[in-house]
1. Among the numbered conditions (1) surrounded by fewer than 10 Cβ atoms within 10 Å (Cβ to Cβ); (2) modelled with pLDDT of 85 or more, tell me where residue 84 comes up short.
2. Do the conditions hold for residue 22, that is, is it without any contact (Cβ under 8 Å) to a residue 24 or more places away in the chain and surrounded by 10 or more Cβ atoms within 10 Å (Cβ to Cβ)?
3. Residues in segment 32-54: is at least one at pLDDT 85 or above and within 21 Å of the chain's Cα centre (by Cα)?
4. Would you mention how many residues in segment 45-74 are more than 30 Å from residue 132 (Cβ to Cβ) and either surrounded by fewer than 10 Cβ atoms within 10 Å (Cβ to Cβ) or touching a residue at least 60 places away in the same chain (Cβ under 8 Å) (or both)?
């Protein structure tokens, strides 16, 4: 049944096309199309604007360096972690014992700071790769 309908449509289309002359494009058709294609403005890549400006990162680095310098060069006794927080009432001397025995070497502190800085440096790199992959 579908073949019969298709044959009828074919015959009808052939009959309608018999009286029409064959149309050909003008001689300069390709040149005109290419001229219009060249006239289309080219897309420009969006300008990358960071979420946090450079002066913010500089200010953060200076503040972090100042804080670390103050902690390293400051004189005086360190205050216990549990002072003024009310944790001493909850945990008694167990927290004081744990905090007093917890000591880090300078190498460990330098390694922790280096790890923090490397993670902070990787954030813009990873963000730019994800943005490039999303395009």
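The values are calculated or read from the model by the stated rules, or taken from the named source; none is laboratory data. Quick caveat, the model's predicted, so the values are computed rather than measured. Counting neighbours? That spans all protein chains shown, and the Cβs are built from the backbone with ideal geometry, glycine included.
1. (2)
2. Considered against the rule, which asks whether it is without any contact (Cβ under 8 Å) to a residue 24 or more places away in the chain and surrounded by 10 or more Cβ atoms within 10 Å (Cβ to Cβ), residue 22 comes out as no.
3. Checked segment 32-54: at least one residue is at pLDDT 85 or above and within 21 Å of the chain's Cα centre (by Cα).
4. Looking only at segment 45-74, we keep the residues that are more than 30 Å from residue 132 (Cβ to Cβ), and these are 62-63, 65-74.
Next cut, either surrounded by fewer than 10 Cβ atoms within 10 Å (Cβ to Cβ) or touching a residue at least 60 places away in the same chain (Cβ under 8 Å) (or both) only: 70, 72-74.
The number of residues fulfilling the criteria is 4.
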